[in-house]
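These notes are about the structure you will find just below.
The values are calculated or read from the model by the stated rules, or taken from the named source; none is laboratory data. Computed from a predicted structure; not experimentally measured. Virtual Cβ from ideal backbone geometry, glycine too; neighbours counted across all protein chains shown. All accessible areas refer to the heavy atoms of the entire protein, side chains included, with ligands and DNA or RNA removed. Shrake-Rupley method; radii C 1.70, N 1.55, O 1.52, S 1.80 Å.
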Amino acid sequence: MSAAVDREVVARFRNVVTRRVGLHFDAGKDAFLADILRRHAAVIGLDDFWFVEQLENPRAALEWRGLIQELTVAETYFFRNPAQFAALRDVVRMDWAGRAVNVLSAGCASGEEPYSIAMTLVDCSAAISAIDVNGVMLAKAAIGRYSAWSLRETAAPLRARYFAASGNEFVFDPTLRRAVAFEERNLVADDAAFWRPEAFDVVFCRNVLMYFAPANARAAIARIARSLTPGGLLFLGHAETLRGLSRDFELRHTHGTFYYQRKPILAPVEASDAPSDPAWDALPPAVDGAGDTGVAWYEAIAHAAQRVRTIVARPLAAPATPLAEMVPDPALPVAHAMALMADEHYAEALALLQALPQERARQSDALFLRGVLLMHRGDLADAERICETLLLRDGDSAGAHYLMALCREAYGDRDAAALHDRHAASLDPGFAMPRLHLGLLARRAGDQAEARRELTRAATLLQAEEASRVLLFGGGFGREALLAMCRAELASADGTP
Ligand SMILES: C[S@@+](CC[C@H](N)C(=O)[O-])C[C@H]1O[C@@H](n2cnc3c(N)ncnc32)[C@H](O)[C@@H]1O
């Protein structure tokens, strides 16, 4: 297998791992992933390519357990960040005195965290559940034998009370061990029976989401928020934050540490936030270097789209396959889809892209156009995942940043939307659409001065904007309609104090 194919297989492996268990690995981890991939494929006698094919197939009964054990980081110890346990004790004993509490340790690894919770709440009425995707670590938790290193933050009186020395190890108290219900469970899987509304008063999800891709972290936090009681507590690791992930919590500083408290009312549910959506499995995986996600290809595709119009004597909405066979130009199917889009045949354009052979479908031009069409149709989650893939391939793609800004705004995350717009505008100062979007965002936020600045720039840039980009990013509006929108918004911004 050539080095190039290897890279592609590793990229697919990286993507399928993210989809299934949420873990994000940047390209710098390719050697680590390739090593795991080769060894696991060899064990079952498949080559790398077919092994990844099996992993990508949700119906293939392939063993993920061994892979997960190697891919996850299970580092933990008793009373990690002890101030958080002091804060938990005080809230439960004082603020919630007499109340029975349900606590979840999500990503509990080998049990040190839920057992620390059990020791902290030993005098309270607490039901403690603990979940992890790593079955090997859960088995270790059930046995309850730990090294002295695991007890490095455990105070001497607690060691004496709850641990029995056994050779070089320490055995955790069997009664408290039984107080914790362990379960092998994937935080990425949206199991409504487990994530019942208001099922938990406290969730510890520490040092787990830092390994997740942002979309998976957001979905996991949304699930946790729904399953917490109003006012319930969420503890993250000391280096983690909910910034950009959720607006459902208030940050509380206490005991020299912090936790989050669930707001009484949650932000509207974004069903498409859940990357466990089976439709995602159909999305072609990323291929590094599979094409330019910048702006140059729009032009080429637009020209090809024009050629398609002249070649095709029948309506553009007709099936594309015969055309693709007649003219063996790899740009044509995507050009045809763009021409369909120009004629507002959005569903046909999407169907054409979805019918492309996988190799072609995963190239950046096809993926990009698909992202635009999905966004247009309101399939935000899939559109956002495509943006993530494109940005992973090329972080300097102004178009992908702009598309991401639209997705983020649709999710109500205006800060992130504005960040992506600014990035797009700085990467490509001639790009009108992020300026227009920044102007609209500023208008909605009541910042009229900023709105005027951005809308004025947008109006200037729009006049010289490439036709292909107006088509691709105009959301179905032509240049004149976009200019009219700019003028109308500018007039309102001027009229507003
Ligand atoms: C670094 S440990 C954190 C342990 C403990 N929460 C702490 O802070 O000490 C991260 C744990 O998250 C688990 N994990 C990673 N991805 C997960 C997923 N998708 N679902 C459930 N657990 C996951 C890993 O298996 C690992 O045990």
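Looking at the structure I just gave you, is V203 more than 27 Å from C124 (Cβ to Cβ), β-branched (V, I, T) and in the same structural domain as S125 (by TED's automatic domain parsing)? Break it down into steps so the answer makes sense when it comes.
Details: more than 27 Å from C124 (Cβ to Cβ): no; β-branched (V, I, T): yes; in the same structural domain as S125 (by TED's automatic domain parsing): yes.
Criteria not met by V203.
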### Task
Starting from segment 346-360, take each residue that is in a loop (DSSP other than H, G, I, E, B) and list its partners that are open to solvent by less than 60 Å² (accessible area, probe 1.4 Å) and at pLDDT 85 or above, counting only C-beta distances under 8 angstrom and pairs at least six apart or across chains.
L356/A366
### Task
Please specify each residue of segment 86-127 satisfying the condition of being without any contact (Cβ under 8 Å) to a residue 60 or more places away in the chain, more than 13 Å from the ligand (Cβ to nearest atom) and within 23 Å of R152 (Cα to Cα).
R89, M119, T120, L121, V122
### Query
Residues in segment 24-43: is at least one crowded, with 21+ Cβ neighbours inside 10 Å, aromatic (F, W, Y) and in contact with a helix residue (DSSP H, G or I) (Cβ under 8 Å, 6 or more places away or on another chain)?
no
### Task
Sort out which residues of segment 340-363 are surrounded by fewer than 24 Cβ atoms within 10 Å (Cβ to Cβ), touching a helix residue (DSSP H, G or I) at 6+ places or on another chain (Cβ under 7 Å) and of a type in the set (G, A, S), and write them in order of number.
A342, A361
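Criterion first (within 16 Å of the ligand (Cβ to nearest atom), at negative phi and touching a strand residue (DSSP E or B) at 6+ places or on another chain (Cβ under 9 Å)) does L55 satisfy it?
Numbers: within 16 Å of the ligand (Cβ to nearest atom): yes; at negative phi: yes; touching a strand residue (DSSP E or B) at 6+ places or on another chain (Cβ under 9 Å): no.
Considered against the rule, which asks whether it is within 16 Å of the ligand (Cβ to nearest atom), at negative phi and touching a strand residue (DSSP E or B) at 6+ places or on another chain (Cβ under 9 Å), L55 comes out as no.
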### Query
Given T229, T154, T175, which one is within 16 Å of the ligand (Cβ to nearest atom) and polar (S, T, N, Q)?
T154
### Message
Given the options E153, E112, name the one that is within 24 Å of Q69 (Cα to Cα) and either open to solvent by less than 20 Å² (accessible area, probe 1.4 Å) or touching a helix residue (DSSP H, G or I) at 6+ places or on another chain (Cβ under 9 Å) (or both).
### Response
E112
### Task
From A416, A424, grab the single residue that is closer than 22 Å to G395 by Cβ, assigned to a helix (DSSP H, G or I) and touching a residue at least 60 places away in the same chain (Cβ under 8 Å).
A416
#### Entry: Whichever residue in segment 128-149 is in contact with a helix residue (DSSP H, G or I) (Cβ under 6 Å, 6 or more places away or on another chain) and within 11 Å of the ligand (Cβ to nearest atom) and, among such residues, is most open to solvent (accessible area, probe 1.4 Å)
V136
### Count of segment 142-182 residues which are small (G, A, S) and part of a strand (DSSP E or B)
5
### Task
Just one of (1) within 14 Å of the ligand (Cβ to nearest atom); (2) assigned to a loop (DSSP other than H, G, I, E, B); (3) open to solvent by 60 Å² or more (accessible area, probe 1.4 Å) trips up A193, so point out which.
(1)
### Query
Just a yes or no: is a residue in segment 157-167 within 16 Å of the ligand (Cβ to nearest atom) and open to solvent by less than 70 Å² (accessible area, probe 1.4 Å)?
no
#### Entry: R422 vs. criteria surrounded by fewer than 23 Cβ atoms within 10 Å (Cβ to Cβ) and of a type in the set (D, E, K, R)
yes
### Query
Looking at (1) within 13 Å of the ligand (Cβ to nearest atom); (2) among the aromatic types (F, W, Y); (3) open to solvent by less than 40 Å² (accessible area, probe 1.4 Å), which is the only condition F258 fails?
(1)
### Query
In segment 231-267, what count of residues is obtained for those that are closer than 20 Å to R80 by Cβ, part of a loop (DSSP other than H, G, I, E, B) and either modelled with pLDDT of 95 or more or of a type outside the set (V, I, T) (or both)?
8
